[in-house]
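Student: Here it is: the structure, laid out below.
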Amino acid sequence: MNILPIIVIDGITFASWLFLVSAGITFIFGVLRILNVAHGSLYAIGAYLGATFILQFAGQEQHSWITLPLLLLAAIVVGLTLGPLIERLFLRRVYGEDEVIGLLTTFALFLILEDVVRLIWGIQPYLVEGPFRLFGRVRIAGIAFAGYPFLLTIVAILAGLLLWFVIHHTSFGRQVTCVINDREMAGALGINVPRIDLMAFALGTFLAALGGAFTAPMTSVEPGMGASVIVLAFAVVGIGGLGSIGGAALGCIVVGIARASAVQLFPEIELFVIYALMVAVLLWRPQGLFGAIELRKI
Amino acid sequence: MSEPATRTNLPLAAIAVFAVIAVLPLFLSDWIGFLVALALAKGIVVLGVVLLLRGGLISFGHALYFAIGAYTAGFLANRFGIGEALVALPLATIISALVAAALGLLLARFRGIYFAMLSLALSMILYTVLIKFYDFSGGTDGLSVRGFAIAGVTPADPGLAQYYLVLVVTAAVVYVGARFLASPLGYLMQAVRYNEIRIEYLGASASHAILASYIVSGAISGLGGALVAYLVGHVSPELAFWVMSGDFVFVAVLGGTGSVFAPLIGSIAFEFVKNYALKFSPNTWQLTLGVFLLAVIYFQPQGLWALFTRSRAKPR
Amino acid sequence: MTAAMIDVQNVSRAFDMLRAVDDVSLSVGKGETVGIIGTNGSGKTTLLNLITGYLQPTSGRIVFQGTDITGLGPRRITALGVARSFQIPQLYTGLTVLDNILIAIAAHSGRSADFWMPMYRHDCVTKAYELLAQFGLRDQAAGTVSNLPEGGRKVLDVALSVILEPKVLLMDEPTSGVSARDKFSIMDTLMPAFKERGVTTIFVEHDLEIMERYAERAVAFDDGKIIADGPATDVLARPEVRRAILGEG
C-alpha cells in the first residue's frame, strides 16, 4: 500500500495550496455576499509581485531565507493596496443588489485584472525556484517528497489559525461575525459596516495573494494562472459551503484527497473528480457541507 | 420590454437587416465575412443565455452545450468522415436538447448563485473529460473539422457557403426565439424573475417554464457550437472552459434581454472589438471589455439594447 | 341543498401549542358571497391559507366540488378552480400592468394547445384590456406596477386571479392598507364583477363596515373557532359577535 502515504501527503499539500484562495473567497462571500471571480487574479498578482520582489531584492541569491519574508511582504502589499481599492471603487456600489450582479461585477474585474497583469509584467513566464530548492527533499515512509509544499501547508495552517483567532477572539472578528449573520442588524447595532466590509475584503485579498506568492516558487508564474485556480476554488467552496471557513478547509481536504487518489489510481479523471464532487455536493446539499448561508434555492 | 409597438416594427427591421447581411459578402473581404458569421453563430448561443436571463437565471456553464454541438460536428467530420452539415446541425441540436433536458431537471431547482455555480461545474466536467481522454476527444490538440458539405455538395467557396448557412440558421433561430419569448412559456419566464411564488397561485409551474427554457436554450447553443466548428475548422476543449461561458454571459448582459436581436448585435460588436483590439493592443482588450461590462452594470443594467428602444417599462 | 363549492370539514391547524384553527366546519354554496370576519389572530387568515393550499391542516378535510383538496399544493388547487388574492399584492413589479394580466392569461392557457401562440395576439390582448377596463385599470395598462397607487395594486392583484376564471375566489383582506375613500370604490368595482361571472366569493376582513356593505353571509371567527354563521345583517348585529370583533359590550 505504498500509494497511501503519497495520496495523503499529496492531498494535504494540494489542499493547503487551495485553502488560502478558497478561504478568502468564502470569507468575502460571507461578509459581502459577493462571489469574487477576480479572486484568482488577486492570487496571480500575489504570485507576480512575490516573484518580482524575489528577483529584485534577492537577486542572485534566490536560495536565501530572505525570500520567504519577501513573499509575505508581497501578499501584504497586495492586500493593503488592491483590496481596499477594489472594494471601495467597484464593489461598494453593488451591495444589496441581486447576488448575480456581484458575480458579474467581479467577473468584469477579473477581465480587467488579467490585462493589468499582462500590461505590468508581460506575458513571459517568471521562474523563481530559489525558495523551492531551499527546502530540498523530505523522506516520509521511504518516499521522497519535495520539501517546499510542506512549507505551504504550514503557511496554510498558520493562516487558518490566524483567521480562526481573529474571528473568535478579536473585536474585529466579533463584528465580522455580526455582519455575516445579519448585515442590517449589525448596522443598527452601531457597527461600522462599511469599514468592516473594507477590512474583510482586504483580508480576503491578502489571503489570495499569500496563496499566490507562496505558490510562485512551485510553478511558472504566467498569465492565465488566475483563471485556472478560480474554478478550483469555486469547487471547494461549493463543496464546503459558501461563507464557512471551516467548510472551505474541509472542502479543500476532500478535493485534495480525491484528486491525489485519482492521480495515483486513475489519472485521466484527476480534474474530473473535483467537478463531479462539486456537482454531487451541490445537488445533495446546495448550501454545502457546512453551509452557513441560506441562499435562495426555492 | 414587450410593448406591442416595438414588436410590430421589428419584423420589418429584421428583414431589412438580414437583407443587408445577405449582400455583405459582395462588398467585404472574406475575413469580415468570417467574423460576421462567427459572431452570428456565437450570438445564437448568447440568445440561449438570454432566454434564461429573462427568468433571472444566469448560466455560467453554457459553454457545455456550445462544446457539445461543436464536438458533435467535430466527431462526425473527424472520426466518421461525415462533413455533411445537414446531418451534423440537427444532430448537434438534438443531442444538446437531450442533455439539457436531463440536466435541466437537476438545475431547475436552483436559483441565483447556486444555479450559476452548478451550471459552471457541469460545463467544467465536460472540459476535464475533453482534456484528458485523448483517444476520445483528441485532448488539448482537439479535432480538425474538414470536409464541410451541404446536401452532399462540397462548395467551391466553403467560407461563402458557411456564411449563408449561418445566416439562414440564425434567421430560423431568431424566429423560434421570438416566438418562444412571446409565448405563454416565455411570459412565465418573465414572471419567474419577478415573483415566482405568484406563478403557483396562478395555477402554473415555474419549474416547467424554466425547464422548457433551458431545453430550448441548450438546443440552440449546441446548434451555434456546430456552426462554429465548421467556421473555424477546428474544435478544442477551450470551447467548454468557463471563460467561454463568461464571454457568452458578458455579451448577454451587454445586450440585455429586451429582444432576440440584442444578443446578435452584441455578439457582432464583441467579435469586432475583440478582433481589432487584439490586433492593435493585445494586452488591453480584456480590460476594455471589463470596463464596458462595469459601465453597463453601473449605469445601464438592462443592457445597451434599452438605449435604442424606448423602454417604457422601468426595469427590475 | 345543492352540493357545496367549498366544504371545510372539522379542520384544525395547530402551530405547536397554539390552535390557530380549532375544529372548524364551513360549507359554502355556489354563487354565495361570504365574508369572514374576526380580529387579527382569530384564525380567519389561517383558514384562508388552509383552503388555498399554503398550509396543511393538522386534522380534518377540505373538499372542493366533491374533490378532496386537503394537502394539495397551491398550484393544483388553483388549477382546479380555487383562486386567491393577497393582502400584500403579489405582482410582477418590474413589468407593465398589461404584462401582468398577460402573464395570468399565459398561466391559464399554458395547458392548452395555445402554448405556442404569441401572447400579444389579438384575442389575448383584447381580453386583457376588457378585464382592465372592468377593473378601472385600463388607462394604466402601459404603466408599470410600481406607478400604481396602493388601491390600484390591490385591484390588479385580484384581477390576476379573476382572469383564471376561477369557480371560487378567496380574497385576503382586500381593503387593508387602503385609504378609507378608496376601499369602497375598490369593493364597488370588484364585487359586481364577481357576481356577473357567478364566482363564489369568500373574503376575509376585519373591517365591519366592509362586511356590512358587501357580505351576504357572514362568518365570525374568534380564537380559532366560528362563533356565528348566517345572513350578514343578522350575524353582524349580534352582541357577542360585535364584542368579539370590536370589544364593545
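Student: What are the principal axis extents of the Cα atoms in segment A:113-217, in Å, biggest first?
Tutor: 56, 43, 15
Student: Further, regarding this structure: Could you work out, for chain B, what percent of all Cα-Cα pairs fall into each 10 Å distance bin, beginning at 0 Å and stopping at the bin that holds the largest distance?
Tutor: So the P(r) values, bin by bin, are 6, 27, 36, 23, 7, 1.
Student: Using only Cα atoms, find the angle between the long axis of helix A:225-240 and the longest principal axis of chain A, and express it within 0 to 90 degrees, rounded to the nearest 10.
Tutor: 60
Student: Within 10 Å of each Cβ in peptide A:229-236, how many partner chain Cβ atoms are there on average? Round it to a whole number, please. Spell out each step's value before the answer.
Tutor: Details: counts 0, 2, 8, 1, 0, 7, 4, 0.
Whole-number average of other-chain Cβ neighbours for A:229-236 is 3.
Student: Rank the residues B:H208, A:H169, B:H62 as a footprinting-exposure proxy: fewest other Cβ atoms within 10 Å of their Cβ go first.
Tutor: Working: B:H208 16, A:H169 10, B:H62 31.
If I rank by nearby Cβ atoms, fewest first, I get A:H169, B:H208, B:H62.
Student: What order do you get for B:Y163, A:Y43 when you list them from fewest to most C-beta neighbours inside 10 Å? Show your work: numbers first, answer last.
Tutor: On the way: B:Y163 23, A:Y43 31.
The order, fewest Cβ neighbours first, is B:Y163, A:Y43.
Student: Right, another one. Kindly put C:L160, A:L134, A:L103 in sequence by how many other C-beta atoms sit within 10 Å of each C-beta, fewest to most. Don't jump to the answer; show the numbers that get you there.
Tutor: Numbers: C:L160 27, A:L134 17, A:L103 22.
So the ranking, lowest neighbour count to highest, is A:L134, A:L103, C:L160.
Student: Let me ask you something else. Label C:R243 and B:R109 with points 7 Å out from Cα along Cα→Cβ: what is the distance between them in nm?
Tutor: Label at C:R243, label at B:R109, 5.3 nm between them.
Student: Mind checking which of B:M124, B:I199, B:I210 is farthest towards the positive end of segment B:20-241's charge dipole, using Cβ charges of +1 (Lys, Arg) and -1 (Asp, Glu) about the Cα centre?
Tutor: Selected residue: B:I199.
Student: Here is a further query. With a/c under 1.5 counting as rounded, go ahead and sort segment A:1-111 into rounded, prolate or oblate using the C-alpha gyration tensor (a ≥ b ≥ c being the square roots of the eigenvalues; past the cut-off, prolate if a/b is larger than b/c, else oblate). Mind dumping the intermediate values first?
Tutor: On the way: a/c = 3.09, a/b = 1.35, b/c = 2.29.
Cα axes put segment A:1-111 in the oblate bin.
Student: Further question on the same structure: Quick one: compute the contact order of chain B, relative version, from alpha carbon pairs under 8 angstrom and 6+ residues apart, as a percent. Kindly include the intermediate steps, with their values, before the conclusion.
Tutor: Values: 486 pairs, mean separation 106.5, N = 316.
Over chain B, the number comes to 34 percent.
Student: Let me ask another. Report the FRET efficiency, 1/(1 + (r/R0)^6), for C:E150 and C:S25, where r is their Cβ-Cβ distance and R0 is 35 Å, rounded to 0.05.
Tutor: On the way: r = 35 Å, r/R0 = 1.01.
Once the sixth-power term is evaluated, E becomes 0.50.
Student: Helix A:99-121 versus the longest principal axis of chain A: what is the Cα-based angle in degrees, 0 to 90, to the nearest 10?
Tutor: That works out to roughly 40 degrees.
Student: Sticking with this one: Suppose a student asked you for the relative contact order of chain C, using Cα pairs under 8 Å spaced at least 6 residues apart; what percent would you report? Please report the intermediate quantities before stating the final value.
Tutor: Numbers: 472 pairs, mean separation 66.8, N = 249.
About 27 percent, as a whole number.
Student: Sticking with this one: Per 0.36 nm of contour for each residue apart, how much would the distance between C:E196 and C:K127 grow if the chain were fully extended, relative to their Cα-Cα spacing?
Tutor: On the way: separation 69, 0.36 × 69 = 24.84 nm, distance 1.61 nm.
Difference between extended and current length: 23.2 nm.
Student: If I require 15 Å or longer along the helix axis, counting alpha carbons, and a Kyte-Doolittle average no lower than 1.0, what helices from chain C are left? Use full DSSP H segments.
Tutor: On the way: long enough: C:97-109 (18 Å, 1.52); C:122-134 (18 Å, -0.13); C:150-162 (18 Å, 0.38); C:180-197 (27 Å, -0.51).
Taking the DSSP H segments of chain C (at least 15 Å long, mean hydropathy at least 1.0), we get C:97-109.
Student: Run the dipole for chain B about the Cα centre, Lys and Arg Cβ at +1, Asp and Glu Cβ at -1, nothing else charged, and hand back the magnitude in debye, nearest 20. Please report the intermediate quantities before stating the final value.
Tutor: On the way: 17 positive and 11 negative charges, 177 e Å.
Taking the Cα centre of chain B as origin, the dipole is about 860 debye.
Student: Per residue of A:269-280, what is the mean number of Cβ atoms on other protein chains within 10 angstrom of that residue's Cβ?
Tutor: Numbers: counts 4, 3, 7, 9, 2, 4, 10, 5, 1, 7, 9, 1.
Partner Cβ neighbours, averaged per residue: 5.
Student: May I pose another question? What three numbers, in Å, describe the spread of the alpha carbons of chain A along their principal axes, ordered from the longest?
Tutor: Principal extents (largest minus smallest coordinate, Cα): 57, 44, 36 Å.
Student: Evaluate E = 1/(1 + (r/R0)^6) for C:A142 and A:Q56, where r is the Cβ-Cβ distance and R0 equals 60 Å; express this FRET efficiency to the nearest 0.05. Intermediate results must be reported in sequence, preceding the final value.
Tutor: Values: r = 65 Å, r/R0 = 1.08.
Once rounded, the FRET efficiency stands at 0.40.
Student: Normalising by the residue count of segment A:11-284, find the relative contact order in percent from Cα pairs under 8 Å and 6+ residues apart. Walk me through the numbers before you get to the answer.
Tutor: Values: 440 pairs, mean separation 106.7, N = 274.
Relative contact order here is 39 percent.
Student: For the protein assembly as shown, what are Rg and Dmax over the alpha carbons, in angstrom?
Tutor: Every Cα atom of the protein assembly as shown included, Rg and Dmax give 30.9, 102 Å.
Student: Still on this structure, please answer the following. If you take the charge dipole of the protein assembly as shown about its Cα centre, with +1 on Lys and Arg Cβ and -1 on Asp and Glu Cβ, which of C:F203, A:V8, A:L189 is farthest toward its positive end?
Tutor: Farthest along the dipole direction, towards plus: A:V8.
Student: Could you tell me the number of lysine pairs in chain C with C-alpha atoms less than 19 Å from each other, where the two lysines are 8 or more residues apart or belong to different chains?
Tutor: Taking chain C as the scope, the lysine pair count is 9.
Student: In addition: Any chance you could list the semi-axes, whole Å, largest first, of the equivalent ellipsoid that the Cα gyration tensor gives for segment C:87-165, using √(5λ)? Please report the intermediate quantities before stating the final value.
Tutor: Working: eigenvalues 85, 32, 25 Å².
In descending order, the three semi-axes are 21, 13, 11 Å.
Student: Rounding to the nearest 20 debye, state how big the charge dipole of segment C:75-140 is about its Cα centre with +1 on each Lys and Arg Cβ and -1 on each Asp and Glu Cβ. It would help to have the intermediate numbers written out before the result.
Tutor: Working: 7 positive and 5 negative charges, 64 e Å.
For this selection, approximately 300 debye.
Student: Still on this structure, please answer the following. Stretch A:R195-A:I66 to full length: gain in nm at 0.36 nm per residue minus the Cα-Cα span?
Tutor: Working: separation 129, 0.36 × 129 = 46.44 nm, distance 3.37 nm.
Length gained, A:R195 through A:I66: 43.1 nm.
Student: Here's another thing I want to ask about it. Under a plain spin-label model, where a point goes 7 Å from the Cα along Cα-to-Cβ, how far apart in nm are A:T81 and B:I32?
Tutor: 4.4
Student: Here's another thing I want to ask about it. Roughly what % antiparallel, to the nearest 5, for the DSSP beta bridges in the protein assembly as shown? Each step should come with its number before you reach the end.
Tutor: Working: 29 of 48 bridges.
If we restrict to bridges inside the protein assembly as shown, about 60 percent are antiparallel.
Student: Could I ask something else about it? Please express the shape of segment B:180-224 as an equivalent ellipsoid: the semi-axes are the square roots of 5 times the eigenvalues of the C-alpha gyration tensor, given largest first in whole angstrom. Walk me through the numbers before you get to the answer.
Tutor: On the way: eigenvalues 95, 17, 13 Å².
After scaling each eigenvalue by five and taking roots: 22, 9, 8 Å.
Student: So which residue, out of B:L28, B:L160, B:L264, gets the largest mean-square fluctuation from a GNM of chain B using Cα contacts under 10 Å as springs?
Tutor: In the Gaussian network model the winner is B:L28.
Student: Mind checking B:242-254 for the average number of partner chain beta-carbons within 10 Å of each residue's beta-carbon? Present the calculation step by step, with values, prior to reporting the outcome.
Tutor: Values: counts 6, 9, 0, 0, 7, 1, 0, 4, 4, 0, 0, 5, 0.
Partner-chain Cβ atoms within 10 Å, mean over residues of B:242-254: 3.
Student: Principal axes first, then extents: for the Cα atoms of chain C, list largest minus smallest coordinate on each axis, whole Å, largest first.
Tutor: Cα extents, longest axis first: 55, 40, 37 Å.
Student: Can you compute 3J(HN,Hα) from phi for each residue in segment B:241-254, using the Karplus curve 6.51 cos²θ - 1.76 cosθ + 1.60 with θ = phi - 60°, rounded to whole Hz and x for Gly and Pro?
Tutor: Computed from phi, the couplings for segment B:241-254 are 6, 5, 5, 4, 4, x, 4, 4, 4, 4, 5, 4, 5, 4 Hz.
Student: Calculate one ³J(HN,Hα) per residue across segment B:258-275 by plugging θ = phi - 60° into the Karplus curve 6.51 cos²θ - 1.76 cosθ + 1.60, and present them in order as whole Hz with x for glycine and proline.
Tutor: Using θ = phi - 60°, the values come out as x, 7, 5, 7, 3, x, 5, 5, x, 5, 4, 4, 4, 5, 5, 4, 4, 4 Hz.
Student: Putting +1 on Lys and Arg Cβ atoms and -1 on Asp and Glu Cβ atoms, find which of A:F107, A:T26, A:I140 reaches farthest to the positive end of the dipole of segment A:11-284.
Tutor: So the residue we want is A:I140.
Student: May I ask for the longest run of chain A untouched by GluC sites (Glu not before Pro) that are loop-located per DSSP and have at most 12 neighbouring C-beta atoms (other than their own) within 10 Å? Walk me through the numbers on the way to the answer.
Tutor: Numbers: sites that count: A:E61, A:E294.
In short, A:62-293.
Student: Counting Lys and Arg as +1 and Asp and Glu as -1, each charge on the Cβ, what is the dipole of chain A about the Cα centre in debye, to the nearest 20?
Tutor: Numbers: 15 positive and 16 negative charges, 78 e Å.
With only Lys, Arg, Asp and Glu charged at Cβ, the dipole is about 380 debye.
Student: If you don't mind, there's one more thing I want to ask. For segment A:160-168, what does the Karplus curve 6.51 cos²θ - 1.76 cosθ + 1.60, with θ = phi - 60°, yield as ³J(HN,Hα) per residue in whole Hz, taken in order and with x for Gly and Pro?
Tutor: x, 5, 4, 4, 4, 5, 4, 6, 8
Just so you know, all these numbers are worked out from the coordinates, no wet-lab data involved. Just so you know, these numbers come straight off a predicted model, no measurement behind them. When we count neighbours, we look across all protein chains shown, and the Cβ atoms used for this are built from the backbone with ideal geometry, even at glycine.
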